[in-house]
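To start, the structure under review is shown below, and the notes come after it.
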């Protein structure tokens, strides 16, 4: 099986939408790609103890979005992609980031410190170019 | 024929008390329906009428187009697990499977039960009386599924199970529904389970059907509205107010909508199945008996 679905019991998001979002996310980060088979409806229904119609509904939604295709008697397969051109750079950037995080830890920053630093740096650096933050 | 189970004006009376009255609903094929209601609302009575153990005193119930009472022709299509999963405790698991085969010659598939029991780690020679509650529930489900029924009726199947056993039971049930397309009607008090498992609802209250329909439709047509204190006049877009509570300044309403509600006046949010059920059940109950108790409201 390529991916495994999990449900967030505290989420207000519909069960079927949670499944749709997980597939979209997996496509975005490259965990799923065109040609992959999505888990069988029966397996998802049993593993999560949810109504099989909910799984079917999620798969139909993905078909409508052009991301998947049902092949009768076989299963549902990924046909589209959400990963942008940036995907190939992601692994490299991630490796850089991991290296940086290790250095930050060695320098004595806690996880909260790191988040705060990243947050303020993003705002300071990217805000000038792309993100417009308005304070009233 | 789309409806697997259909009740029309169905009623059952014990003495001069109606346990079920004017009960009308239909359950489409392939749905998993929740039968919900307070104790004594008539859930078990409805299930017993559907399986043919009781004769209606009014109206009719039809399973796959046939009256189930005193009608053996419909039995092969029906699976029923009664409350507290009554099984012969001195029988071994293997003996129960054999007995099921002898009593249900029409469509019995012993391999269904054997596969399920093997998966559960229940040994053939194990006596049913020595099994845990969760295992007994699983055995009862396995036997019911071996009939390969088109309609499976379950009376409080998970009520007495611990959370893990409950989850495992629902896993097994959902897996087999996906495999066979069996229509299911199950009664339960565990509303949080039902939201994920069921796509149809039959809500009973004091012997009557209070609300029924597909869960998607019901959730799509109900909203919670919060806004400035409301004077009780008609609200555009609202078909019915199910439940309301007010403070001096604010009103909170559970409503059934039939159009657009003015969202500048009202904050409108979707409701979950559990909230919807509680909203419908809550509204009649608080007819206060303050006078009878000699206290002020």
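Scan B:204, B:281, B:211 and give me the residue that is within 29 Å of residue A:8 (Cβ to Cβ) and touching a helix residue (DSSP H, G or I) at 6+ places or on another chain (Cβ under 7 Å).
The unique qualifying residue is B:211.
Looking at A:9, A:30, A:35 in this structure, which one is within 16 Å of residue A:71 (Cβ to Cβ), in a loop (DSSP other than H, G, I, E, B), more than 8 Å from every other protein chain (Cβ to nearest Cβ) and modelled with pLDDT under 95?
After ruling out the rest, the residue left standing is A:35.
Looking at (1) closer than 26 Å to residue B:183 by Cβ; (2) within 14 Å of chain B (Cβ to nearest Cβ), which is the one condition that is false for residue A:72?
Unmet for residue A:72, out of (1) closer than 26 Å to residue B:183 by Cβ; (2) within 14 Å of chain B (Cβ to nearest Cβ): (2).
Return a yes/no flag: does region B:227-237 have any residue that is assigned to a strand (DSSP E or B) and either under 30 Å from residue B:5 (Cα atoms) or within 14 Å of another protein chain (Cβ to nearest Cβ) (or both).
No, region B:227-237 has no match at all.
Step by step: first the residues of region B:257-273, then only those that are surrounded by 15 or more Cβ atoms within 10 Å (Cβ to Cβ), within 28 Å of the chain's Cα centre (by Cα) and not in a loop (DSSP other than H, G, I, E, B), then the one that is modelled with the highest pLDDT. Which residue is that?
B:257
With the checklist (1) out of contact with any strand residue (DSSP E or B) (no Cβ under 7 Å at 6 or more places or on another chain); (2) without any contact (Cβ under 8 Å) to a residue 24 or more places away in the chain; (3) within 30 Å of residue B:183 (Cα to Cα) in hand, flag the one item residue A:95 doesn't pass.
That leaves (3) as the condition not met.
Quick check: is even one residue across region B:152-162 in contact with a strand residue (DSSP E or B) (Cβ under 8 Å, 6 or more places away or on another chain), at pLDDT 90 or above and more than 20 Å from residue A:52 (Cα to Cα)?
Checking region B:152-162: at least one residue is in contact with a strand residue (DSSP E or B) (Cβ under 8 Å, 6 or more places away or on another chain), at pLDDT 90 or above and more than 20 Å from residue A:52 (Cα to Cα).
Out of A:22, A:90, A:46, report the one residue that is over 26 Å from residue B:199 (Cα atoms) and either assigned to a helix (DSSP H, G or I) or within 14 Å of chain B (Cβ to nearest Cβ) (or both).
From the options A:22, A:90, A:46, the qualifying one is A:90.
Just to check your reading of the model, which residue among B:30, B:65, B:40 is under 15 Å from the mean Cα position of the chain (by Cα) and surrounded by fewer than 15 Cβ atoms within 10 Å (Cβ to Cβ)?
Of B:30, B:65, B:40, the one residue that is under 15 Å from the mean Cα position of the chain (by Cα) and surrounded by fewer than 15 Cβ atoms within 10 Å (Cβ to Cβ) is B:40.
Please go through region B:171-225 and pick out each residue that is part of a loop (DSSP other than H, G, I, E, B) and within 8 Å of chain A (Cβ to nearest Cβ).
Hits for region B:171-225 are B:198, B:199.
The values are calculated or read from the model by the stated rules, or taken from the named source; none is laboratory data. Bear in mind that the values here come from a model prediction, so they are computed numbers and not experimental data. Note that each Cβ is placed from the backbone with ideal geometry, even for glycine, and that neighbours are counted across all protein chains shown.
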